[in-house]
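Written below as structure tokens is the structure these notes are about.
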Amino acid sequence: MYTSREDIGYDFGDDSKDGSKTIQPNPNIDGGWAWMIVLSSFLVHILIMGSQMALGILNMEWLEEFNQSRGLTAWVSSLSMGITLIVGPFIGLFISMCGCRKTAIIGGILNALGWILSAYASNVHCLFITFGVTAGVGSGMVYLPAVVMVGQYFQKRRALAQGLSTTGTGFGAFLMTALLKYLCVEFGWRNAMFIQGAISLNLCVCGALMRPLSSKEFVNEKYVVRNNSEVNHAKALSHSTETIKSNGVLNEEQEKKEEVTNEEVLDSVQHIESGGKSRSGRNMYGLCILKTVSQLTVTVRKGFGVWYSSYFGAASLFTNRVFVAFIIWALFAYSSFVIPFIHLPEIVKQYNLSSQNNIFPLTSIIAIVHIFGKVILGIISDLPCISTWNVFLMANFTLVACILILPLMQTYISLAVICALIGFSSGYFSLMPVVTEDLVGTKHLANAYGIIICANGISALLGPPFAGWIYDITQKYDFSFYICGLLYMVGIIFLLIQPCIQKKQPREKSTEEAQV
């Protein structure tokens with residue numbers, strides 16, 4: 001299941017027959033249109049993640065308008081942020097069937113519709129549906145393709161490209177906060193949401209820029225496709241696939257028969273269509289509909305097959321122990337980043353630091369340094385002598401240490417230093433797609449990253465309410481940070497243990513093959 005970084009960006013043929021076959025990567029890899037993909041992803045992060053970071057402005061307006069409890073009103077923002085990430089695995093199905101471009105365009109329309117409908121909401125419960133669910137699902141349909149396309153277009157500079165594109169979150173937090181605040185003051189929150197919905201239609205433009213890679217292969221002696229170890233790995237995968245076939249888990253022969261049958265239907269339709277020019281226009285129209293339905297059936301069947309096999313079939317992602325550990329880590333990680341954004345203002349108020357915080361808010365320090373953290377960590381990870389996995393782990397250790405230390409800081413300067421470290425270390429978010437791609441390969445990146453952000457969504461959805469519940473019991477925020485930090489540490493321990501187990505198994509398999 002593990003795919004090395006050298007595999008990304010190449011189209012492989014049957015390497016079992018010729019291990020020395022060489023090809024040239026697509027010319028758009030690491031250059032050309034790849035930078036337009038980075039721009040598209042950058043704008044997506046501004047319009048989606050940046051807007052979600054600025055929902056505090058609208059949350060205050062909703063409290064005044066509907067006179068509901070803070071806990072109930074806060075669920076509107078939590079639903080939007082959580083659903084954006086939770087729907088990741090299901091968006092992978094859309095990507096398998098329609099591709100990233102169509103999925104993102106549809107998501108842009110749905111997100112804009114959610115903003116516009118929310119402008120006419122009569123109560124908080126309506127906002128749950130219009131903004132929390134509708135806009136949240138639309139955001140997820142754009143966010144996942146934006147991340148996947150960057151991974152597909154970059155090989156050598158993947159970490160840097162992901163870092164540059166995800167800096168849109170920090171820029172968006174500043175721009176959207178200022179924009180929503182201005183619109184609410186000038187036009188009211190309802191018109192502000194309507195205008196924001198119109199702005200969100202630019203997500204369709206971002207989706208249109210997500211041009212799929214060409215499947216053409218280019219021969220070049222400078223690029224070696226597989227070394228001996230990779231060939232052995234391919235043989236092992238083919239052997240496991242044959243075993244699963246015998247058990248009936250993955251019946252490729254049946255799929256091939258179904259594909260041949262579908263192709264025969266399409267050929268027959270085309271033959272009838274070409275020979276029936278003299279028939280009436282009504283019959284020809286019916287044949288065109290039949291052809292379209294047949295093509296759609298083939299596309300849906302193939303897309304669902306790829307999506308299903310990724311989760312439950314021969315190439316199930318859950319058979320990769322490191323990836324499973326990655327999921328467990330994601331369940332605890334994201335809440336540790338979200339909770340400071342929500343509770344820091346209240347902590348500052350308790351410590352009588354509001355005057356200093358109003359001059360330069362601590363959350364702004366996190367957002368600013370977060371931008372530089374993503375870029376710098378991306379550059380460091382792309383260095384030939386540096387392991388992306390090690391950079392990822394070091395950033396996680398730094399972040400969890402800051403979360404555990406933060407309750408001990410009671411001065412503005414000390415809190416500012418800790419917030420700066422939180423912002424910088426949380427820049428590892430730009431490395432998450434890179435690490436995921438290294439674990440499962442480019443082919444399964446969409447589905448795999450969909451699972452990861454789904455776990456992050458659960459963390460974002462439940463983390464802040466859990467911290468508030470702890471505060472209601474203890475009347476302190478200290479235990480919220482301590483508990484979240486300890487759970488975060490458990491996830492990191494899983495990441496440290498599983499790679500050691502994963503590395504032992506291929507060595508044992510290779511020894512058995514050598515004996516045979």
- Stokes-Einstein at 37 °C, 0.692 mPa s, Kirkwood radius from Cα pairs: D for segment 31-70 in µm² s⁻¹? 267
- Please work out how much length the chain gains when fully extended from F90 to H125, using 0.36 nm per residue of separation minus the C-alpha to C-alpha distance, in nm with one decimal. 10.1 nm
- Message: For a Förster distance of 30 Å, can you work out the FRET efficiency between the beta-carbons of K443 and V133, rounded to the nearest 0.05?
- Response: 0.45
- Task: Keeping the other protein chains in place, figure out the carbon and sulfur percent of the accessible area of segment 317-505, with a 1.4 Å probe.
- Result: 73
- Query: Given the pairs K102/K181; K374/K443; K374/K476, which span a C-alpha to C-alpha distance of over 29 angstrom in this model?
  - Reply: K102/K181; K374/K476
- Query: Which GluC sites (Glu not before Pro) from segment 54-125 combine a DSSP loop assignment with at most 15 other Cβ atoms within 10 Å?
  - Reply: none
- Item | Carbon + sulfur, % of accessible area of segment 138-207 - ligands and nucleic acids excluded, 1.4 Å | 67
- To the nearest 0.05, how large is the calculated FRET efficiency for N191 and N283 if R₀ is 60 Å and r is the Cβ-Cβ distance? 0.70
- Message: Give me the extension gain from Q68 to R211: residue separation times 0.36 nm, minus the current Cα-Cα distance, reported in nm with one decimal.
- Response: 47.0 nm
- Note on the structure: segment 21-129: spread of alpha-carbon positions along the three principal axes, whole Å, largest first, is 67, 25, 21
- Working from the pairwise distances between different alpha carbons, so that the mean of 1/r is found and then inverted, what is segment 379-428's Kirkwood radius in Å? 11.7
- Query: Hey, rough spin-label estimate for A178 and M60, points 7 angstrom out along Cα→Cβ, what's it come to in nanometres?
  - Reply: 1.7
- Rounded to two decimals, what ratio of Rg to Rh does segment 24-211 give with C-alpha atoms and a Kirkwood Rh? 1.01
- Item | Efficiency of FRET from Cβ geometry, C385 and Y351, R₀ 51 Å, rounded to 0.05 | 0.75
- Item | Size descriptor, Kirkwood hydrodynamic radius, that averages inverse alpha-carbon separations across segment 317-505, Å | 17.3
- Query: In whole angstrom, how far apart do the alpha carbon centroids of segment 476-490 and segment 381-411 sit?
  - Reply: 16
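The values are calculated or read from the model by the stated rules, or taken from the named source; none is laboratory data. Owing to the predicted nature of the structure, the values given are computational and were not obtained by experimental measurement. Cβ coordinates were reconstructed from backbone atoms using ideal geometry, including for glycine residues, and neighbour counts include every protein chain displayed. Side chains are part of the model used for accessible areas, which takes the heavy atoms of the whole protein and leaves out ligands, DNA and RNA. Shrake-Rupley method; radii C 1.70, N 1.55, O 1.52, S 1.80 Å.
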